[in-house]
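Colleague: Here it is, the structure, as structure tokens.
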Amino acid sequence: MAGLDAFKENQEVKEIDLSKKVKVGIIGTGWIADSHIAGYKNMPDVEIVALADIVPGKALKFAEKHGLDVDKIHFYNSDRELIDAEKDIDGVSICTYNCQHAAPAIYALEHGVNVMLEKPFTVTLDEAVEVMKAEKKSGKILTIGFQPRMSENMKMIKKIVDSGELGQVYYLQAGGGRRTGIPTPFGTTFIEKETGGIGAVGDIGSYSLDMLLKAVGYPKPLTVTGYMSNFFGTDPNYSDYVNKNHPEYAEKFGVDDFAAAFVRLEGGIILDFRISWAMHMDTCGDALILGTKGGLRIPSTECWNGEFNKPLTVYKNVAGKNIQYEVPLIPTKTSLFSQKLRAFVDAIKEGGSATVPSSEIIYNQAIIDGIVKSNQLGKEIEIEIPEI
Ligand SMILES: NC(=O)c1ccc[n+]([C@@H]2O[C@H](COP(=O)([O-])OP(=O)(O)OC[C@H]3O[C@@H](n4cnc5c(N)ncnc54)[C@H](O)[C@@H]3O)[C@@H](O)[C@H]2O)c1
């Protein structure tokens, strides 16, 4: 079993230095902020000092719901108020809807605050570029909230590619996608143009892109032919709306519920992408990586959860015979979400760098932006990323 031991990963828990406490705040106290607060609350070296939400009273209710000592927390009605007042805060989690990612991130960075920004990076490429300019000027940490990055199984994909087992990679196929699953957990911020900005392509497409692009070293995207549709989201008879008794969501729906694209990447790699919040199909398929010496199948139906439900499979030709073998799944010991927050806090304490850096995710965003623009124009477009 020596060969298989190579796939065992070191998931040791680091000892926490309690001599320095990190002061954090959360901007946007909606759905995903629940996971951020749960993570920070469990860290003995983190002090939650401030919460902000533009909905009056929401941040206070959020604190009460999570059993925080409200007398020790400062509450604000916007990201700006929080950043202006909290002069010695170390970092913020930005948990606002997509259209409010760029402005709060820029404001925090400009004021010397480290940022954990929820995914997707932004809505447009231009916004992402502006955030990166602020990041560069500030010298602070900006990390994007892709928790699947913390998964040892996700890391294994890159290790397999880097090992040379697949030879030269020339084709990537994104898989996954939901049959039914337009996200309306507590309202419509994901599906309205003014708040979500982009739909499935940004919400879960960004995860799918990150998984494959990270594995092959995040090559620069060159051209995109993109397609987006919204047949289900705009239909008041869509089964999920009817089941939830919210046919009016159809009128509010202003984003995509399906997207597909053909993307040329630097290094001669082709990316065949598809993602869905709603479709008459169980899945868009597994994700595939094809190389000159081997292929990899990634059962990524739910890649946004950060884990697979089945092992990876490597396909090879050995001595003229087609063979395949499975890469055993590595059990996850700690929640990926907690790990992503821990990595952010450690980076602040130790003067480290972002776990999920903007220098990579800018290419993820460029593809999403390219899909939107190509869909609008109805033709292939060249991707141009401004100087940062
Ligand atoms: N990493 C993950 O697993 C994961 C899961 C779900 C959502 N997300 C991401 O998290 C983000 C938020 O999603 P959500 O479901 O929590 O949305 P939500 O609408 O439930 O919460 C967003 C909150 O931000 C507040 N807000 C907006 N602008 C603000 C501002 N300038 N200052 C202060 N508060 C502001 C809103 O009032 C709202 O309460 C989205 O970008 C989404 O893609 C990530």
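Rule-based calculations on the coordinates, nothing more; no lab input. Because the structure is predicted, anything quoted here is derived from the model rather than measured. All Cβ positions, glycine included, derive from the backbone under ideal geometry; neighbour counts span all protein chains shown.
Colleague: Report the residue count in region 19-47 for those that are within 8 Å of the ligand (Cβ to nearest atom) and free of Cβ contacts under 8 Å to residues at least 24 places away in the same chain.
Modeller: Summing the residues that are within 8 Å of the ligand (Cβ to nearest atom) and free of Cβ contacts under 8 Å to residues at least 24 places away in the same chain in region 19-47 gives 0.
Colleague: Hey, could you check region 136-159 for residues that are more than 22 Å from the chain's Cα centre (by Cα) and in contact (Cβ under 8 Å) with a residue 24 or more places away in the chain and say which is surrounded by the fewest Cβ atoms within 10 Å (Cβ to Cβ)?
Modeller: Restricting to residues being more than 22 Å from the chain's Cα centre (by Cα) and in contact (Cβ under 8 Å) with a residue 24 or more places away in the chain, the top hit is LYS137.
Colleague: Restricting to region 239-262, give me the number of residues that are touching an Asp or Glu at 6+ places or on another chain (Cβ under 6 Å) and among the charged types (D, E, K, R).
Modeller: Qualifying residue count for the region: 1.
Colleague: Next up: Filtering region 68-93 down to residues that are of a type outside the set (Val, Ile, Thr) and within 21 Å of PHE344 (Cα to Cα), which residue is surrounded by the most Cβ atoms within 10 Å (Cβ to Cβ)?
Modeller: Per the stated criteria, the residue is LEU82.
Colleague: Regarding GLY197, is this residue buried (at least 17 other Cβ atoms within 10 Å of the Cβ), away from the ligand (no atom under 11 Å from the Cβ) and in contact (Cβ under 8 Å) with a residue 40 or more places away in the chain? If you could, list the steps in order and put the result at the bottom.
Modeller: On the way: buried (at least 17 other Cβ atoms within 10 Å of the Cβ): yes; away from the ligand (no atom under 11 Å from the Cβ): no; in contact (Cβ under 8 Å) with a residue 40 or more places away in the chain: yes.
Taking the combined requirement at face value, the residue does not satisfy it.
Colleague: Could you go through region 86-93 and let me know if any residue there is within 13 Å of the ligand (Cβ to nearest atom), of a type in the set (Val, Ile, Thr), within 17 Å of ILE37 (Cβ to Cβ) and touching a residue at least 60 places away in the same chain (Cβ under 8 Å).
Modeller: The answer is yes, given that some residue of region 86-93 is within 13 Å of the ligand (Cβ to nearest atom), of a type in the set (Val, Ile, Thr), within 17 Å of ILE37 (Cβ to Cβ) and touching a residue at least 60 places away in the same chain (Cβ under 8 Å).
Let's see how each residue does on (1) in a loop (DSSP other than H, G, I, E, B); (2) surrounded by fewer than 22 Cβ atoms within 10 Å (Cβ to Cβ); (3) touching a Phe, Trp or Tyr at 6+ places or on another chain (Cβ under 6 Å):
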site: PRO104; (1), (2), (3): no, no, no
site: VAL115; (1), (2), (3): no, no, no
site: LYS119; (1), (2), (3): yes, no, yes
site: VAL129; (1), (2), (3): no, yes, no
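Colleague: Okay, next question. With region 243-350 as the region, which strands (runs of 3 or more DSSP E) entirely inside it contain at least 3 residues that are touching a strand residue (DSSP E or B) at 6+ places or on another chain (Cβ under 9 Å) and over 30 Å from MET228 (Cα atoms)?
Modeller: Here the list reads 312-318, 321-327.
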